[in-house]
1. Which numbered condition trips up ASN20, out of (1) modelled with pLDDT under 90; (2) surrounded by fewer than 16 Cβ atoms within 10 Å (Cβ to Cβ)?
2. Go through (1) of a type outside the set (A, V, I, L, M); (2) at pLDDT 85 or above; (3) surrounded by fewer than 16 Cβ atoms within 10 Å (Cβ to Cβ); (4) on the phi < 0 side of the Ramachandran plot for THR91 and report which single condition fails.
Amino acid sequence: MYACQEDEIQLEPGIVSVQNNSTTPLDIYHKNIDLGDIDYTSAGTVLANSSLDIALSVGYNYQFKAIEFNPEKSEESFIVETILVKPHNETVWLIPQP
């Protein structure tokens, strides 16, 4: 729970569930594009065939970036998806369903 001054706006949290249906873990990052965030914030790692729930503020557009490291090619690849966070739970499919 955050302490608020009376004149501050309390933001309603929304849960974004990032799904990973690949066979490798993904590092997940996000930024609030409505507020002009330049840098991504790390949200953690979502394991293979798993999901990661992230609490974000409702009513803002967030851009998500998933980075996957391919050890065979020694390179990173990434997928970017932008969503508007809504009051109900939202699911972001960063890796398409097989």
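The values are calculated or read from the model by the stated rules, or taken from the named source; none is laboratory data. All of these numbers come straight from a predicted model, not from anything done at the bench. Because the Cβ atoms are built from the backbone with ideal geometry, glycine has one as well, and the counts that use them run over all protein chains shown.
1. ASN20 satisfies every listed condition except (2).
2. All conditions pass for THR91, except number (2).
Condition check ((1) among the hydrophobic types (A, V, I, L, M, F, W, C); (2) assigned to a strand (DSSP E or B); (3) within 23 Å of LYS86 (Cα to Cα); (4) at pLDDT 85 or above) across all residues:
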site: GLY14; (1), (2), (3), (4): no, yes, yes, no
site: THR24; (1), (2), (3), (4): no, no, no, no
site: ASP34; (1), (2), (3), (4): no, no, yes, yes
site: ASP39; (1), (2), (3), (4): no, no, yes, yes
site: GLY44; (1), (2), (3), (4): no, yes, yes, yes
site: ALA48; (1), (2), (3), (4): yes, no, no, yes
site: ALA55; (1), (2), (3), (4): yes, yes, yes, yes
site: GLY59; (1), (2), (3), (4): no, no, yes, yes
site: PHE69; (1), (2), (3), (4): yes, yes, no, no
